[in-house]
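Structure first, commentary second.
The values are calculated or read from the model by the stated rules, or taken from the named source; none is laboratory data. Please read all numbers here as calculations on a predicted model, not as lab measurements. Positions of Cβ are generated from backbone atoms using ideal geometry, with glycine treated the same way; all protein chains shown enter the neighbour counts.
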């Protein structure tokens, strides 16, 4: 304890800072025991590159990710006595090309990619988390099926946007089966007060429940992502209405800082602690490297003193990691005392 399953570095991500080694060193300094390195998956069309990537190409993004794998494995070997490094990839789904390309990459690099963080950053091929004007463009692009574009209301566009996001998330889950579900309700980034339970007269919430059930059924972990706090939220991803649903469905939760450089490692974990304690979250999980058979399909049995559940994983990644429950009362770990005291001292 503690862990993070989601991070980036400026060495391989243009909107992050620092080197991958600096990120790892900071995680060690703060006392992380398991830290996930989850660089972004390549994108496969030139128009899907971000402005800061204007000098790159889809082929270059692919090569950058392979270089990330090289460096991540080098660092794992160097720091193995100090920290467990998980080596992964964070997804996106813009067009079917992304699923095809990701599937091919996962197969080609099966021995080097431990796990997948399943995330969506686009709806109707438009980024939803780049900046607010681009998000509003995504909203305006939405026209519910059978509606007149000239008369459709903004509320109807918003419902269509959220439903499209959830449908994309569901497709990603069913196709890739990511071990970690990344920032489940990122679609609310610019509007944290939105209630997915009440918007859309129940149509949105039914898709939320469908997606949660899918992830629970195949054994994914839902990340509790502290990045929402630095975005101005007063709760983490997922927000409480969804977290409550996940818990009631017996979904399993893990921690992530979604750091974009050494300066953000562990950032706002004190707020994450308070958020979880306020909602009586007593059980946390993490991914553990394992020496299970990596055949074309296998069952992965969770290690839990009280329950034993088996989840079938598809593809050649089967068995590279397994979920384990944090032993004892997670909040009693000395990391949290240091974390809370450090934050208190910084405000004096």
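For the reader, a short list of remarks on this structure follows.
- Test: residue in segment 57-70 that is at pLDDT 95 or above and either assigned to a loop (DSSP other than H, G, I, E, B) or within 30 Å of residue 337 (Cβ to Cβ) (or both): yes
- Filter result (assigned to a helix (DSSP H, G or I) and touching a strand residue (DSSP E or B) at 6+ places or on another chain (Cβ under 9 Å)) within segment 72-97: 72, 73, 75, 76
- Segment 98-123, residues that are under 18 Å from the mean Cα position of the chain (by Cα), assigned to a helix (DSSP H, G or I) and either modelled with pLDDT under 95 or farther than 17 Å from residue 59 by Cβ (or both): 99, 103, 106
- Looking across segment 1-13 at every residue that is modelled with pLDDT of 95 or more and more than 16 Å from the chain's Cα centre (by Cα), the one that is surrounded by the fewest Cβ atoms within 10 Å (Cβ to Cβ) is identified as 10.
- Considering 300, 312, 348, the condition of being buried (at least 16 other Cβ atoms within 10 Å of the Cβ), on the phi < 0 side of the Ramachandran plot and at pLDDT below 90 is satisfied by 300 alone.
- Among the residues of segment 5-19, those identified as touching a helix residue (DSSP H, G or I) at 6+ places or on another chain (Cβ under 7 Å) and either part of a strand (DSSP E or B) or within 25 Å of residue 270 (Cβ to Cβ) (or both) are 7, 9, 15, 17, 18.
- Residue in segment 127-144 that is part of a loop (DSSP other than H, G, I, E, B), in contact with a strand residue (DSSP E or B) (Cβ under 9 Å, 6 or more places away or on another chain), within 18 Å of residue 207 (Cβ to Cβ) and in contact (Cβ under 8 Å) with a residue 40 or more places away in the chain present: yes
- Residues in segment 31-50 that are closer than 27 Å to residue 323 by Cα, touching a helix residue (DSSP H, G or I) at 6+ places or on another chain (Cβ under 8 Å) and surrounded by fewer than 18 Cβ atoms within 10 Å (Cβ to Cβ): 31 only.
- Taken together, 120, 166, 105 contain a single residue that is within 23 Å of residue 66 (Cβ to Cβ) and touching a residue at least 12 places away in the same chain (Cβ under 8 Å), which is 105.
- Evaluation of residue 22 against (1) assigned to a helix (DSSP H, G or I); (2) touching a residue at least 60 places away in the same chain (Cβ under 8 Å); (3) closer than 28 Å to residue 138 by Cβ (one fails), failing number: (3)
- Test: residue in segment 240-251 that is closer than 28 Å to residue 15 by Cβ, crowded, with 16+ Cβ neighbours inside 10 Å, at pLDDT 95 or above and in contact with a strand residue (DSSP E or B) (Cβ under 7 Å, 6 or more places away or on another chain): no
- Conditions (1) surrounded by fewer than 18 Cβ atoms within 10 Å (Cβ to Cβ); (2) touching a residue at least 24 places away in the same chain (Cβ under 8 Å); (3) over 22 Å from residue 222 (Cβ atoms); number of the one not met by residue 158: (1)
- Residue count, segment 145-178 (criterion: part of a helix (DSSP H, G or I) and under 30 Å from residue 287 (Cα atoms)): 15
- Condition met for residue 68 (touching a residue at least 60 places away in the same chain (Cβ under 8 Å) and closer than 20 Å to residue 289 by Cβ): no
- Sole exception among (1) in contact with a helix residue (DSSP H, G or I) (Cβ under 9 Å, 6 or more places away or on another chain); (2) surrounded by 14 or more Cβ atoms within 10 Å (Cβ to Cβ); (3) modelled with pLDDT under 95; (4) in a strand (DSSP E or B) for residue 317, by number: (4)
- Test for residue 53: is it free of Cβ contacts under 8 Å to residues at least 40 places away in the same chain and crowded, with 18+ Cβ neighbours inside 10 Å: yes
- For beta carbons closer than 9 Å, sequence separation of 6+ or different chains, a first residue in segment 269-283 that is at negative phi and surrounded by 13 or more Cβ atoms within 10 Å (Cβ to Cβ) and a second that is outside any helix (DSSP H, G or I) and modelled with pLDDT under 95, the qualifying pairs are 269/2.
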